[in-house]
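Let me begin by presenting the structure, written as structure tokens, before commenting on it.
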Amino acid sequence: MGTASKAVADSRANLPFVYRQYSAEQLKHVLYKMYLIRRFEEGAEDSYTRGLIHGTMHLSIGQEASAMGICMPLGEDDQITSTHRGHGHCIAKGAEVKRMFAEFFGKTTGYCKGRGGSMHIADVAKGNLGANGIVGGGIPIAVGAALSSKMMKTGKVVVSFFGDGANNEGAFHEALNMAAVWKLPVIFVCENNGYGMSTSTARSTAVKNIADRAAAYSMPGVIVNGNIFSEVAEASYKAVERARAGEGPTLIESKTYRHRGHSKSDRNRYRTKEEIEDWMSNRDPITLFENELREFGFIDDKGIEAIRVAVAQEIADGIEFAKASPSPHVSETGNYVYTEQA
Amino acid sequence: MDAMVRELSYAQAIQEAMAIAMEMDERVFLMGEDIGVYGGAFQVTGDLVERFGTERVIDTPISELGGAGVAVGAALTGMRPIFEFQFSDFATLAMEQIVNQAAKMRFMLGGEVSVPVVMRFPAGSGTGAAAQHSQSLEAWLGHVPGLKVIQPATPYDAKGMLLAAVADPDPVMIFEHKLLYKAKGPVPEGYYTVPIGKADIRREGRDLTIVATSIMVQKALDAAAVLEAEGIDVEVVDLRTIRPMDKQTVIDSVKKTSRLMCVYEAVKTLGIGAEVSAMIAESEAFDYLDAPIVRLGGAETPIPYNPELEKATVPQVPDIITAARDLVKGVR
Ligand SMILES: Cc1ncc(C[n+]2csc(CCOP(=O)(O)OP(=O)(O)O)c2C)c(N)n1
Ligand SMILES: [Mg+2]
């Protein structure tokens, strides 16, 4: 909530939503976290290249404003379900990067004790019910969590993140219908980065905007520029209010772009260099937000530099923590298959 | 005259088989996620879209249930689709169409129709892709009458069995271990088939029969080479097809060696090992057994991400060697 005094509030009256709604400290912290997501993924990528991390990973570099904007109005008790491209969601919902690195390094101190890796990163204590290896797998689960919220009267709102590709899975359609019929406190967030792996939405999806599909399930469908933090946060804020008021679900389509390939095995044959270059240099979400903060007088160059330095330190410490952490022992392979009972 | 034989990878052999099938029969086409310009998640379709165009190499949306169903419908009505699942794990999303529709259509309609669909499933662990991208689910489908389920272990078989699958009038499910895609082996040019439903004795031996599937065939052969130096002579039977199973080859082998071990990557219990063991226990080979049957399969756990744990959940060559030694020496 905004902590700005009346005078300050008046002076911000013509600014976009977040600058009216949140304090300078809060907004600077958002910038910090956007950098944290970016540098975390760069650090993970670098560790992968050096053979410290195996498997594969899906980087959300370029989508940071979307993760941060959606999570901005959520409380710690609210919950999310995430995707294979879920590092940003996890950090935005409050995870510590050191335990995420530890997970990627397969260590016992990781969020999943080394069993899940990047594709299953979660932080249940902070309300992140988990990334998902199955496209669309988290959507009905979010509806189930929202059903719990309603039945148990916890007041929790649940956000389901998914990609544009996921909106062609049956699970998406079945889940939206139930959420609408039962007026559940859930927000469906489609992060439309233009492609499901190599397949553009134009080639995969019969509607122009994913948000158009909301009409089929009688819920609001909202389109936002996913690279502009304030736009995303405003849409999320309204959807959260609606959910908390018992008015039911919202579908938000956050239009964005991933700078990197789909995963570590992408030859990038389906996008042009120019297209990628354009998004990277003209529409980078961190640059856009940083420029706004500076322009509106919330931060100066020194403040930005301080954030970058602090983030670099947190990343370096996180990698050290992961390296120094113990690996699980092979005798523990059977752990966690079932609930341990006394 | 023999066809030219080259060294091809398992993935190249499959790609060549698909190209030959498409050249020979215009009803054959490919469907799957990112099999066009991306070339498939494991580069199995590669550049086929450049040769055959997007009408015959079709990128589907991310819609496994629908996609598999479309392939079933096309097969039912005269086409010959080859449907690629990006990972075998995603068969779980399409089970309805595979199990309730493709497998039963001919039966339910009293033989009036057939469903000549081929489905390909990249399977198995070893790539660090964790619990939802590493499973071996072949026995699930092996349990369904109406389906044929094969697991080629070499590039030669991968090509010949795929061509046999395309020619087959019934639905054929092909499980391809992801770690095999880069394995190389001799593959003749041109058209040939390797029959579905026939096991292959990959190494003859007197002391012990190892029945193995997929990637475990090579591991069993590697173990056999080590055991040979110790004076243990292992026969390795590559099952190749799990439904319909070639019982006779296994029975004959066990009658010869009097000992049986089954090695497969899927979870050990309630699977292929149980089926082969029970089949032997029910057969005349039972009387020939000199020792209890041994199964080596995957641990009773989902596949973990951590690489050491991941390796520990599936049989490795040293595990096979130790188990074979104990079996032959009568250690229990
Ligand atoms: C059911 C299922 N099908 C296919 C895949 C393979 N796969 C993983 S991510 C992906 C693309 C997803 O696209 P989208 O939903 O747009 O998310 P993005 O990767 O763009 O963030 C695909 C095809 C999968 N993991 N699960
Ligand atoms: Mg996408």
Subset of the range A:269-279 that is surrounded by 17 or more Cβ atoms within 10 Å (Cβ to Cβ) and of a type outside the set (D, E, K, R) - its residue that is nearest to ligand 1 (Cβ to nearest atom): A:Tyr270
Pick from the range A:231-268, criterion within 14 Å of chain B (Cβ to nearest Cβ) and out of contact with any strand residue (DSSP E or B) (no Cβ under 9 Å at 6 or more places or on another chain), ranking: farthest from ligand 1 (Cβ to nearest atom): A:Arg267
Yes/no for B:Phe90 being within 14 Å of chain A (Cβ to nearest Cβ) and among the hydrophobic types (A, V, I, L, M, F, W, C): yes
Residues of the range A:187-210 satisfying the condition of being surrounded by 24 or more Cβ atoms within 10 Å (Cβ to Cβ) and more than 10 Å from ligand 1 (Cβ to nearest atom): A:Ile187, A:Phe188, A:Val189
Verdict on B:Tyr192 being surrounded by fewer than 18 Cβ atoms within 10 Å (Cβ to Cβ) and touching a helix residue (DSSP H, G or I) at 6+ places or on another chain (Cβ under 6 Å): yes
Residues within the range A:248-262 that are closer than 30 Å to A:Val181 by Cα, in a loop (DSSP other than H, G, I, E, B) and more than 16 Å from the chain's Cα centre (by Cα), tallied: 2
Sole residue being of a type in the set (D, E, K, R) and farther than 26 Å from B:Lys184 by Cα, chosen from B:Asp89, B:Asp59: B:Asp59
Selected residue (criterion: nearest to A:Tyr257 (Cα to Cα)) from residues of the range A:140-172 that are away from chain B (no Cβ under 12 Å) and under 16 Å from the mean Cα position of the chain (by Cα): A:Phe161
Count of residues meeting criterion [assigned to a helix (DSSP H, G or I) and of a type in the set (Lys, Arg)] in the range B:219-242: 1
One residue from B:Asp200, B:Asp238, B:Asp290 being out of contact with any strand residue (DSSP E or B) (no Cβ under 7 Å at 6 or more places or on another chain) and of a type in the set (Asp, Glu): B:Asp290
Whichever residue in the range A:315-342 is out of contact with any Ser or Thr (no Cβ under 8 Å at 6 or more places or on another chain), more than 8 Å from chain B (Cβ to nearest Cβ) and assigned to a helix (DSSP H, G or I) and, among such residues, is surrounded by the fewest Cβ atoms within 10 Å (Cβ to Cβ): A:Ser331
Those residues of the range A:82-98 which are touching a residue at least 60 places away in the same chain (Cβ under 8 Å) and more than 16 Å from ligand 2 (Cβ to nearest atom), in sequence order: A:Glu96, A:Val97, A:Lys98
Enumeration of residues in the range B:185-218 that are farther than 27 Å from B:Phe90 by Cα and part of a strand (DSSP E or B): B:Gly185, B:Pro186, B:Val187, B:Pro188, B:Asp200, B:Ile201, B:Arg202, B:Arg203, B:Leu208, B:Thr209, B:Ile210, B:Val211
Scan of the range B:299-319 for residues that are in contact with a Lys or Arg (Cβ under 6 Å, 6 or more places away or on another chain) and more than 8 Å from every other protein chain (Cβ to nearest Cβ), ordered by number: B:Val317
Which listed residue, of B:Arg243, B:Arg259, B:Arg295, is at negative phi and more than 23 Å from the chain's Cα centre (by Cα): B:Arg259
Looking only at the range A:269-280, and only at residues there that are touching a residue at least 40 places away in the same chain (Cβ under 8 Å) and assigned to a helix (DSSP H, G or I), the one that is nearest to the other protein chains (Cβ to nearest Cβ): A:Trp279
A:Leu74 aliphatic (A, V, I, L, M), touching a residue at least 60 places away in the same chain (Cβ under 8 Å) and surrounded by fewer than 21 Cβ atoms within 10 Å (Cβ to Cβ): no
Hey, A:Asn167 within 16 Å of ligand 1 (Cβ to nearest atom) and either in contact (Cβ under 8 Å) with a residue 60 or more places away in the chain or of a type outside the set (S, T, N, Q) (or both) or not: no
Positions within the range A:211-222 being in contact with a strand residue (DSSP E or B) (Cβ under 8 Å, 6 or more places away or on another chain) and more than 16 Å from ligand 1 (Cβ to nearest atom), in sequence order: A:Asp212, A:Ala214, A:Ala215, A:Tyr217, A:Met219, A:Pro220, A:Gly221, A:Val222
Helices (runs of 4 or more DSSP H) within the range B:1-95 that include 3 or more residues surrounded by fewer than 19 Cβ atoms within 10 Å (Cβ to Cβ), touching a helix residue (DSSP H, G or I) at 6+ places or on another chain (Cβ under 6 Å) and polar (S, T, N, Q): none
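Residue-wise test of (1) within 13 Å of another protein chain (Cβ to nearest Cβ); (2) among the small types (Gly, Ala, Ser).
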| residue | (1), (2) |
| --- | --- |
| B:Val37 | yes, no |
| B:Asp47 | yes, no |
| B:Gly67 | yes, yes |
| B:Ala75 | no, yes |
| B:Val118 | no, no |
Lone qualifier among A:Gly137, A:Gly110, A:Gly114 - being farther than 26 Å from B:Thr92 by Cα and within 14 Å of chain B (Cβ to nearest Cβ): A:Gly110
Any chance B:Val267 is crowded, with 17+ Cβ neighbours inside 10 Å and in contact with a Leu (Cβ under 7 Å, 6 or more places away or on another chain): no
Leading residue by the ranking (nearest to ligand 2 (Cβ to nearest atom)) among those in the range B:101-124 that are out of contact with any strand residue (DSSP E or B) (no Cβ under 7 Å at 6 or more places or on another chain) and over 22 Å from B:Arg27 (Cα atoms): B:Lys104
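Since every read-out is calculated from the coordinates, none of them should be taken as a lab result. Just so it is clear, the structure is predicted and the values come from calculations on it, not from any experiment. When we count neighbours, we look across all protein chains shown, and the Cβ atoms used for this are built from the backbone with ideal geometry, even at glycine.
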